[in-house]
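Shown next, in structure tokens, is the structure this report addresses.
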Amino acid sequence: MTDLQPSTYTFGDNDLAAERLRLLAAAYEPTSRAFIGRLAREPPRVAIDLGCGLGYTTALLQAKTGAALTIGLDSSPRFLAHAWRRSPHAVAFAEHDVTRLPFPAPPADLIYGRFILTHLANAHATLERWADGMAPRGRLALEEVDTLAADDPTLTRYYALVEAMQAARGQRTYVGRDLCTLPASSSWRVERADDVPIALPAATAARLHALNLRTWRSDPFIAATVDAAELDDLGDALDDLVAGRRTAAPVRWRLAQVVLRRR
């Protein structure tokens, strides 16, 4: 198989990005906990968490499934150093680009990823490649964005910029919309697909987005296409929402939760 473009995490791996991951883990923990809990009905021996970041999802994956071994993979040494410091029993981590096979792990009965495909160019080709890291009839469980919607113009502008920036990298913000659209030749079949609504206070979403903006505002595509004054205004408007100087209706997100079974 032709080598794929290395993965590039849209929001970086600096201290701001780490704080963003902490907030994201808190915001999505109830939804992910319920999803992973359903996966535990078929307990895995080996589970892999793709793009594990600081290890929040890895710990949750092990706790809810009871896997004998759970391995978190991420390309950021900085994130993995945080993950190792808080790793529970039966959890390990390895520095690895998740687009590359083989994984530094035994064949997995369960592979999990939350918001990982959205950061990958050639997402569907990578999806097929992941089958090589799977035990026979293993499952791939994914949580990806289907919709980011808001009434506030600051938030909608932010979402539009992220979508444009990711598209310039060959990535898809709303990759969750087509996870069930697999070719007949795919190594996977869709076992379950759910579309889960998530409502967050505008201030909570704005806090996440303000951290992101500080991370990617110097991205070459953004620097070439968006005036610095507009980015300053966007950052100020997000900060106003965070501080309560301005209010807005809750954001309305939809999350695709899809379980694929290796053929």
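Only the coordinates and a few stated rules stand behind these numbers; no lab work does. Model, not experiment: these values are computed from the prediction. With ideal geometry, Cβ positions are generated from the backbone for all residues, glycine too; neighbour counts draw on all protein chains shown.
Observations on the structure shown:
- Cα centre as origin, Lys/Arg/Asp/Glu Cβ charges: the chain dipole, Debye: 1080 debye
- Averaging the sequence gap over all C-alpha pairs within less than 8 Å and six or more residues apart, then dividing by the number of residues, gives the chain a relative contact order of 22 percent.
- Theoretical gain in end-to-end length, residue 97 to residue 218 [0.36 nm per residue, Cα-Cα removed]: 41.2 nm
- Three-way shape call for segment 163-263 based on the alpha-carbon gyration tensor, with the a/c threshold at 1.5: oblate
- Nearest-0.05 FRET efficiency for residue 38 and residue 68, computed from C-beta distance (R0 25 Å): 0.80
- Toward the positive end of the charge dipole of the chain, with +1 on the Cβ of Lys and Arg and -1 on the Cβ of Asp and Glu, the farthest Cα among 135, 251, 145 is that of 135.
- From its DSSP helices (H runs of at least four residues, each -39,500 (n - 2.57)), the chain gives a residue-normalised ellipticity at 222 nm of -12500 deg cm²/dmol.
- Spin-label pair residue 185/residue 137, simplified geometry with 7 Å Cα→Cβ offset, distance in nm: 2.7 nm
- Bridge orientation summary for the chain: considering DSSP beta bridges with both residues in this region, about 50 percent are antiparallel.
- Measuring r between the beta carbons of residue 90 and residue 194 and using R0 = 30 Å, the FRET efficiency lands at 0.60.
- Under Karplus coefficients 6.51, -1.76 and 1.60, residue-wise ³J(HN,Hα) of segment 29-44 in Hz, glycine/proline x: 4, x, 5, 5, 4, 5, 5, 5, x, 5, 5, 5, 5, 10, x, x
- Between segment 25-88 and segment 150-174, the alpha-carbon center distance in angstrom: 27 Å
- Counting charges near residue 80 (Lys, Arg +1; Asp, Glu -1) among other residues having Cβ under 14 Å from its Cβ returns a value of -2.
- Comparing mean-square fluctuations of 123, 164, 228 from a GNM of the chain with C-alpha springs under 10 Å, the top value falls on 228.
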